Amino acid sequence: MRSHYCGQLNETLVGHDVTLCGWVHRRRDHGGVIFLDMRDRDGIAQVVVDPDTAEAFANADRARNEYVLRIAGRVRPRPEGTQNPDMPTGMIEVLAHDVDVLNTAATPPFQLDEHGKVGEEVRLTHRYIDLRRPEMIDKLRMRSRISHSVRAFLEGQGFLDIETPILTRATPEGARDYLVPSRTHAGSFFALPQSPQLFKQLLMVSGFDRYYQIAKCFRDEDLRADRQPEFTQIDLEASFVEENDIMDVTESMIRALFKDVLEVELPDFPRMPYAEAMRRYGSDKPDLRIPLELVDVDDLMKDVDFKVFSGPANASDGRVAALKVRGGATLTRKEIDDYTRFVGIYGAKGLAWIKVNERDKGIEGLQSPIVKFMEGVVDALLDRLDAQDGDIIFFGADKTRVVNEAIGALRVKLGEDLDLYTQDWAPLWVVDFPMFEADDNGKLAALHHPFTAPSCSGEALKADPAQALSRAYDMVLNGTELGGGSIRIHDQAMQRAVFEVLGIGEAEAEEKFGFLLDALKYGAPPHGGLAFGLDRLVMLMTGARTIREVIAFPKTQSAACLMTDAPGDVSSEQLKELNIRLRHKAKTETTSE
């Protein structure tokens, strides 16, 4: 039906006949000559329709935005003075001799051109219109290029593309499962996979040695600004490897990807222990483009007459940390109040600060509502932070977790607000993660997942699980976790030891993971892997604001699809067939339950 895409036209085709198919991006009538900007997935081309071609002119005259047309004509240079060098097809146009209207279009709910401003809710409701926008096409085109590049690299490294099941059983991976009722097994449920974790480990037991998959995964998580209930992973696993083997091959993959798609040479990937990342940046995925660091000042604050500081400084689970911003004394009180409200999101009860106006004047040269409590420690504090005139110092004082989250987030926000970035790309490996983390009740949970190998013996693990480190590693880029992985447990006794620490008894372990424990006793090789979040990777590489911008048909923050109105009700007949009875009334009814 077509000979060329609109965006393919250029000066080499002058004098050639072409046939284009696409949508009317814009229609203009200039003194009896009609200009149509025709758009398809590759770009926009200008079409000229003269009154001399009566039928073509009549069809062009009735065409409106988003009409679907087929146009045949000859490529010619644009007249002098009308060229558009900023447009790929801006030096040529098509003189049409045939214009066929393949379909009409109602007035779209929003304009597609660069001047159209519309809320995300409208865009998601009419996503099929939104996806026509050139910037959306470009993002999804790059997503396709990224997937292709990843596949080519991994297959060149001997990895096999193997699909794993979508209908499986629930596993503990840190989020709720999406459950699927079984009609043929009344009262039983499948679960949609949070990751292919156990299946890829079983492939290693099976001897496939190197596996990869671009896999759909599902997590029924609480509402978060930039999470999706279904997402895509670049998943891989290899046998007879150690940490460096997996880290080297995946780092090479990301380097090759950035070079291939963006023509960017990524800098070195430093390796940083988890404990250091938390101490210096308050985050296990620090953005190293920002030259701000948290500095511990607990020892200086233990005896100050200010319980907000002295309390956490003397508590075993407390922390007092300072964050110096060079030149930040220019911040207004309103801006500081805004930052105070910001850290409150992360549980901070306030945000103490000191402006260094004239350091040589000692305490008299400082501006702060708290400086009067610090007379005996001011000099030591300023020395430790290398504070200079014009700086501002922010403080976090609370439980260590609150300080890390609040001041770590403040560091990132200051970096963005004040444009403190020192480079475009800052990759990083974070290593030496704890095996477990404790909740508020002291109950241990796997920091990554319970199949991650510890870096100690099973006996040492059970003797002091809170101090055990794992053989896990995360790749971070610009403050975003691109992917996480680990060396896995390949010994049945070690896997049982981890289950024991997590409070998973033998009966529960057999019921939930009997197939894995059985597999581990039949010659499981040492193995490990890593999974990248494809959506996050594409978001970073395209400069998109959210992952919703790089997913063709995303869900909202409430895990709903506005376009299809999913999730939706099902009939009572379907529920009966699945042996399900609802406790609550339909969403359209009012209920007090």
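A count restricted to the range 518-539 and to residues that are part of a helix (DSSP H, G or I) and within 18 Å of I254 (Cα to Cα) stands at 6. Just one of the listed residues (L385, L288, L323) is in contact with a helix residue (DSSP H, G or I) (Cβ under 7 Å, 6 or more places away or on another chain) and not β-branched (V, I, T), namely L323. Scan the range 371-391 for residues that are over 18 Å from R326 (Cα atoms) and surrounded by 14 or more Cβ atoms within 10 Å (Cβ to Cβ) and the total you get is 4.
Could you look through the range 540-563, keep only residues that are in a loop (DSSP other than H, G, I, E, B) and aliphatic (A, V, I, L, M), and pick out the one that is surrounded by the most Cβ atoms within 10 Å (Cβ to Cβ)?
We begin by selecting, within the range 540-563, every residue in a loop (DSSP other than H, G, I, E, B); these are 543-546, 551-560, 562-563.
Filter once more, keeping what is aliphatic (A, V, I, L, M): 544, 551-552, 559-560, 562-563.
Numbers: A544: 18, I551: 22, A552: 11, A559: 18, A560: 15, L562: 18, M563: 16.
The selected residue is I551.
Looking only at residues in the range 12-40 that are outside any strand (DSSP E or B) and modelled with pLDDT under 95, the one that is nearest to R70 (Cα to Cα) is G32. Pairing each residue of the range 472-493 that is more than 23 Å from D268 (Cβ to Cβ) with any residue that is polar (S, T, N, Q), provided the two are 6+ apart or on different chains, yields C-beta distances under 7 Å for R488/Q201; R488/T452; I489/Q495.
Among the residues of the range 288-317, those identified as crowded, with 19+ Cβ neighbours inside 10 Å and small (G, A, S) are S310, A313.
Under the condition of being outside any strand (DSSP E or B) and within 13 Å of V94 (Cα to Cα), the residues counted in the range 41-55 number 1. Can you report the number of residues in the range 341-368 which are surrounded by fewer than 18 Cβ atoms within 10 Å (Cβ to Cβ) and either part of a helix (DSSP H, G or I) or among the hydrophobic types (A, V, I, L, M, F, W, C) (or both)? Qualifying residue count for the region: 11.
Of the set (1) at pLDDT 95 or above; (2) in a loop (DSSP other than H, G, I, E, B); (3) surrounded by fewer than 18 Cβ atoms within 10 Å (Cβ to Cβ); (4) of a type outside the set (D, E, K, R), all apply to G116 but (1). Of the strands (runs of 3 or more DSSP E) lying entirely inside the range 188-251, those carrying at least 1 residues that are touching a residue at least 12 places away in the same chain (Cβ under 8 Å), among the charged types (D, E, K, R) and within 18 Å of G483 (Cα to Cα) are 210-218, 230-239.
Can you tell which of T107, T82, T89, T53 is in contact with a helix residue (DSSP H, G or I) (Cβ under 7 Å, 6 or more places away or on another chain) and either within 30 Å of L203 (Cα to Cα) or of a type in the set (S, T, Y) (or both)?
Checking each option against the conditions leaves just T89.
Looking only at residues of the range 254-270 that are in a helix (DSSP H, G or I) and not acidic (D, E), we find that the one that is surrounded by the most Cβ atoms within 10 Å (Cβ to Cβ) is L257. Taking the conditions (1) under 25 Å from R2 (Cβ atoms); (2) modelled with pLDDT under 95; (3) among the β-branched types (V, I, T) in turn, V75 satisfies each one other than (2). For residues that are within 28 Å of V249 (Cβ to Cβ) and among the β-branched types (V, I, T), scanning just the range 469-515, find the one that is nearest to the chain's Cα centre (by Cα). Going through the qualifying residues, I end up with T480.
Here is a yes/no grid of residues against (1) under 30 Å from V538 (Cβ atoms); (2) crowded, with 17+ Cβ neighbours inside 10 Å; (3) not aliphatic (A, V, I, L, M):
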| site | (1), (2), (3) |
| --- | --- |
| E80 | no, no, yes |
| L95 | no, no, no |
| V99 | no, yes, no |
| L102 | no, no, no |
| R123 | yes, yes, yes |
| E135 | yes, no, yes |
| D138 | yes, no, yes |
| M142 | yes, yes, no |
| I146 | yes, yes, no |
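If you check L520, L410, L428 for being in the same structural domain as A321 (by TED's automatic domain parsing), modelled with pLDDT of 95 or more and of a type in the set (A, V, I, L, M, F, W, C), only one passes: L410.
Among the candidates A531, A507, A566, A524, the residue that is buried (at least 19 other Cβ atoms within 10 Å of the Cβ), small (G, A, S) and farther than 30 Å from D284 by Cα is uniquely A524.
A count restricted to the range 570-581 and to residues that are assigned to a loop (DSSP other than H, G, I, E, B) and either in contact with a strand residue (DSSP E or B) (Cβ under 8 Å, 6 or more places away or on another chain) or surrounded by 12 or more Cβ atoms within 10 Å (Cβ to Cβ) (or both) stands at 4. Of all the criteria given as (1) among the β-branched types (V, I, T); (2) exposed (fewer than 15 other Cβ atoms within 10 Å of the Cβ); (3) more than 27 Å from A322 (Cα to Cα), the one not satisfied by T452 is (2). Applying the criterion of being in contact (Cβ under 8 Å) with a residue 40 or more places away in the chain and buried (at least 16 other Cβ atoms within 10 Å of the Cβ) to the residues of the range 58-69, the residue that is farthest from D130 (Cα to Cα) is N59. Every condition in (1) under 30 Å from F499 (Cα atoms); (2) among the charged types (D, E, K, R); (3) assigned to a helix (DSSP H, G or I) is met by E437 except one, and the failing one is (3). Filtering the range 64-97 to residues that are of a type outside the set (D, E, K, R), part of a strand (DSSP E or B) and under 44 Å from the mean Cα position of the chain (by Cα) leaves V68, L69, I71, A72, V75, I92, V94.
The values are calculated or read from the model by the stated rules, or taken from the named source; none is laboratory data. Here the structure is a predicted model, which means the values were calculated and not measured. A quick note on method: Cβ atoms are made from the backbone with ideal geometry, for glycine too, and the neighbour counts reach across all protein chains shown.
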